[in-house]
Amino acid sequence: MTKTLMSQASSQNYRFMLQDVAVEITGMNKWYGEFHVLRDINLKVRRGERIVICGPSGSGKSTMIRCINRLEEHQSGKIVVDGIELTSDLKKIDEVRREVGMVFQHFNLFPHLTILQNCMLAPVWVRKVPEKQARELAMHFLEKVKIPDQAQKYPGQLSGGQQQRVAIARSLCMKPKIMLFDEPTSALDPEMIKEVLDTMIALAEDGMTMLCVTHEMGFAQAVADRVIFMDQGQIVEQNEPKAFFSAPASERTRKFLGQILGR
Amino acid sequence: MNIHNASWVRQDIIAASPRPAAQGGVAEWARKNLFNGWLSTLLTVASVTIVVWMAMALAPWLSNSIWRANSLAECRQILDGASGACWGVIRDRWPQLLFGFYPPHLYWRPVLTFALLIAALAPILFRAIPQRALWFSAVYPGFAYWLIWGGSLWFPVAVYCGVVVAAGLLYLTARVSRGLAVASATVGAALWWTYAVQLVSALADDVLPIALTPVASREIGGFLLSIIIGVTGIALSLPLGILLALGRRSSLPLIHLLSVTFIEFIRGVPLITLLFTASLLLNYFLPPGTNFDLILRVVIMVTLFASAYMAEVIRGGLAALPRGQYEAAEALGLDYWKAQRLVILPQALKISIPGIVNSFIGLFKDTTLVMFIGLLDPIALAAAIRANTDWQGIYWELFIFIGAVFFVFCFGMSRYSIHLERRLKTDHR
Ligand SMILES: Nc1ncnc2c1ncn2[C@@H]1O[C@H](COP(=O)(O)OP(=O)(O)OP(=O)(O)O)[C@@H](O)[C@H]1O
Ligand SMILES: [Mg+2]
């Protein structure tokens, strides 16, 4: 069983299912108290699609992708993930979270567990994978992110870049259908950013559905199918990367790109 | 190097050299640590003087220790006017200080219980012991109850069967819904304990009577009593405290309100008043007509009292965890209880170890308060011994001894907590 799972993971190619919808958000609104943080969000992500989300600080990027696995609750509109609508039904939420992996800005590894235990925890307790298989699975993904030799260490003994790669491996061990990244490289030193981006590019090449909040425009140009620009809680513009960077339609996008690309 | 020229390149790489040996010996160390300036010198001299003076005052008293005497009068006669400690009282009343008025021919039972307690604690406290030994730790409480109070073996067995009933109901109904499973297990166990236990144990007793001579609660005393109350209170207040802490942080309003009310009420009331009103309070919550054993009543009150403090200590640990830990656990699909058990509590409890052990130590020492409700803990026994004509007038020896025994237990707990903190240290900061 492990073998089939693994070979699926390494050679999976979801791109032939492009017509399938992975995430569909329609008319979604969210408020923090009285503050209208997300306004009429409409977004359809197909399977295998790679989406980069950018925008100025405080524009609601994190909030939006955290709504997709219900770390944040939305007040109106509809979010359907992998065919399951997110409501307050806890069972459905757990179902969605099993299929959606998330990587955080500050890694959020569990400091009391070794790297290997971090990776085995969810497969064993959520997916009920037998311990031995979970270990093989974890080692497989740790090899994939190129740190199998650190498996017995604790997170505190690893560099930031290594920790973030472990965090990616930990999510992958759950065999998610969709991966969410919230600024995965912005807490890292420049020399570590590349190792994490390389891991993400490899993942994209395997056909993973990815929604990635990032300001790494090189990454966006290399792997994104679509770039989304958000401002003041709204999706202002979306386009394929080439057109997005060469001919941004909106004035706000142009200004933002000018700031971060130094043009 | 030309300091006016900004450009400079190192030509030769400096090889690592060994660290210079520490300078000076004892004299250098003393100068640095004891006589470093006039204030430090003054403090050193003053503290040495105090220590020496205390040692000189105590030395003759301790060196004149009398161990073989059957009364204070005999002691004084041997000392013949000199000052000296009369430890004969400990020797004379040793069994009483340990066991209270427990029947002497049954002393082997508490002694065995204590030896088994160590065996039951070992797998919980130390990693080197195989985890299979935890089975013994699980059955130990029932067995210990039987050994100390005696009576039919089938009574604790029937009580344990309640757990089996609950587990069975949990297993059978878990597939339907989790809430139903928990509810049915709780109700099932409660019904079993209130109605079936007496019946089942009586029946089993008819078929195969296994019983020990019963010992009444009022015969139990001394350190045996302190340890019974202390150990039970510690073992029960930790899980209860965890539940209360989680309840206080819960987003369910009813659970939150209940936990806050309980914690604030219990914390706001002195333990001694709780002990005095134990029977009154419990009679409100329990079915009428239940006649409660005095020790059981005290154990319940001490546990409730300690768990309120425990809850606040653990809540501090929970609050110290970054939000990211909760979010990462949720994002991986762990449900509330799994996230708490596998991710949150191991870290929160680790942070709270000093506070938790502090509460344990407080609880253990608070067991001496039970003398006020007529239980014969070591302090109460000391008072009784001093009232006896043989030992009238003895004072320091008894209290020093009792203090020393408590100190050994509390110091042991403190050392263990340091060991545990070191063992669990994985942050490598
Ligand atoms: N828990 C909260 N309570 C109230 N307001 C919040 C909360 N979290 C975020 N906000 C506000 O919501 C807005 C959107 O926040 P969000 O974190 O989604 O922005 P972002 O686009 O991810 O920004 P950044 O690039 O800085 O991460 C911000 O104005 C922020 O102040
Ligand atoms: Mg953000």
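The values are calculated or read from the model by the stated rules, or taken from the named source; none is laboratory data. Predicted model only: the values in this text are computed from it and were never measured. Reconstructed Cβ throughout: ideal geometry from the backbone, glycine too, with neighbour counts over all protein chains shown. The protein model used for the area step is the full one, side chains on, heavy atoms only, and it has no ligands, DNA or RNA in it. Shrake-Rupley method; radii C 1.70, N 1.55, O 1.52, S 1.80 Å.
Among helices (runs of 4 or more DSSP H) entirely within region B:193-267, having at least 2 residues that are modelled with pLDDT of 95 or more, of a type in the set (Val, Ile, Thr) and surrounded by fewer than 15 Cβ atoms within 10 Å (Cβ to Cβ) singles out B:253-267. Note on region A:198-263: enclosed helices (runs of 4 or more DSSP H) holding 3 or more residues that are farther than 19 Å from A:VAL103 by Cα and hydrophobic (A, V, I, L, M, F, W, C) are A:241-246, A:251-261. The set of residues in region A:92-107 that are over 11 Å from the mean Cα position of the chain (by Cα) and either open to solvent by less than 40 Å² (accessible area, probe 1.4 Å) or of a type outside the set (Lys, Arg) (or both) comprises A:ILE93, A:ASP94, A:GLU95, A:VAL96, A:ARG97, A:GLU99, A:HIS106, A:PHE107.
Would you confirm whether any residue within region A:120-138 is within 16 Å of ligand 1 (Cβ to nearest atom) and open to solvent by 40 Å² or more (accessible area, probe 1.4 Å)? No, that holds for no residue. Which of the residues belonging to region A:18-72 are more than 16 Å from ligand 1 (Cβ to nearest atom) and not in a loop (DSSP other than H, G, I, E, B)? Result: A:VAL21, A:ALA22, A:VAL23, A:GLU24, A:THR26, A:GLY27, A:ASN42, A:LYS44, A:VAL45, A:ARG46, A:ARG50.
A:ASP198 - would you say it is within 16 Å of ligand 1 (Cβ to nearest atom) and among the charged types (D, E, K, R)? No, not satisfied. When region A:199-223 is filtered for residues that are within 23 Å of B:ALA331 (Cα to Cα), away from ligand 2 (no atom under 13 Å from the Cβ) and not aliphatic (A, V, I, L, M), the ones remaining, listed by number, are A:THR199, A:ASP206, A:GLY207, A:THR209. Consider region B:148-197 and keep the residues that are hydroxyl-bearing (Ser, Thr, Tyr) and under 25 Å from B:ALA211 (Cα atoms). The one that is farthest from the chain's Cα centre (by Cα) is B:TYR195.
A Cβ distance below 6 Å, combined with a sequence gap of six or more or placement on separate chains, defines the contacts here; from region B:103-125, residues that are touching a residue at least 12 places away in the same chain (Cβ under 8 Å) reach residues that are open to solvent by 50 Å² or more (accessible area, probe 1.4 Å) and part of a helix (DSSP H, G or I) in the pairs B:ALA120/B:PHE136; B:PRO123/B:LEU134.
One residue alone among B:TYR309, B:TYR326 is away from every other protein chain (no Cβ under 14 Å), open to solvent by 10 Å² or more (accessible area, probe 1.4 Å) and of a type in the set (Phe, Trp, Tyr), and that residue is B:TYR309. Scanning region B:368-400 for residues that are open to solvent by less than 40 Å² (accessible area, probe 1.4 Å) and within 20 Å of the chain's Cα centre (by Cα) yields B:THR368, B:VAL370, B:LEU375, B:ASP377, B:PRO378. Within region A:105-125, restricting attention to residues that are in a loop (DSSP other than H, G, I, E, B) and within 7 Å of chain B (Cβ to nearest Cβ), the residue that is nearest to B:GLY324 (Cα to Cα) is A:ASN108.
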